[in-house]
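Data first, discussion second: the structure below is written as structure tokens.
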Amino acid sequence: MIRLSVTLLACSILFACNSTNINPKPNAPVASNAINVKTPDTVVPFAGFWLNETYLKKIEHTRSPRESQGASNNCCLFIPASTLQPASMATDVHEGGPEMDIVKKDNSYQFYYKADDTASRQAYNIQFIAANKLKFGQYTFIKTDEHFMADILFSGKYRDTLGNIVQFSKDGHIKGLGTYTVYDPLYDYVGSGVDADQVYMGQSDNDMEQFGFTFRQDTLFIHNVNCLVRDSSDNTCLEGTLGDIKYKLIRIH
């Protein structure tokens, strides 16, 4: 099944690939002495999940996760709560990246590339722009959470064609759309044979149906999927196209 949670996304950033595709040039010389990352254990005040601002703005502009997936060289950043835990920057929402360590020097923080158990080469200085905005080298990141696609694209109040109010929350819940009470937009389209942006909706996280979606100005169209090939294990559509409109929802707030 192609649908991913951000928990899996974070895991892919940290561990899945250790991809050599992400090899930014360090902005400082190689350290003469490797830093022992086992000490000290320092709390990281800006821990969390961050999106590249270029990627975020592309999603806002196109309103299409599928079209936006390759918008930036480094889309996502996962920062742990402690300097003893690995951080990583991902090429996109599909590819992982090399592990890095966060090193605190006086009142500043830096990313170091990791070699064995030591931070051996500086990768980035961390520049604080605002409470929810950081810069590493040439990349600017905005702090978000695991529901970033729902927040950016769907969250708000809508009116359906019968005049009923439908609300999509930032945390992935729905009110007023019949039996559909939760939703999860797809953000990783690598390997997807469905030629459309997709969203999963259902009664619970373990009981979701696959739909397509499009935005036209202030109107959200949720489509059925014309499926040609299905996964026999979970009935997910592996190849298909955008089908007829199931819901037409006009944003009112």
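The numbers here are math on the coordinates, done by the rules we state, and not lab data. As the structure is a prediction and not an experimental result, all values here were calculated from the model. We place every Cβ from the backbone using ideal geometry, glycine too, and count neighbours over all the protein chains shown.
Table for the structure above
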quantity	calculated
Förster radius 41 Å - calculated FRET efficiency between residue 161 and residue 233 (Cβ-Cβ, nearest 0.05)	0.70
Qualifying aspartates and glutamates (Cα of each under 18 Å from Cα of residue 105; at least 8 residues distant if same chain)	41
Lys, Arg +1 and Asp, Glu -1 on Cβ, resulting dipole of the range 154-251 about Cα centre, debye, nearest 20	620 debye
Charge dipole of the range 154-251 about the Cα centre (unit charges at C-beta), most positive-ward option of 219, 233, 163	163
19 Å Cα-Cα reach of residue 175 towards aspartates and glutamates, excluding residues that sit fewer than 8 places from it in its own chain	151, 160, 184, 205, 207, 209, 218
Set of the range 122-146 residues, backbone N closer than 12 Å to the point 7 Å along the Cα-Cβ line of residue 42	126
Cross-link pairs beyond the 30 Å C-alpha cut-off, checked among 143/246; 104/170; 133/157	143/246; 104/170
Cα convex hull of the range 154-251 - mean projected area over all directions, nm²	6.2 nm²
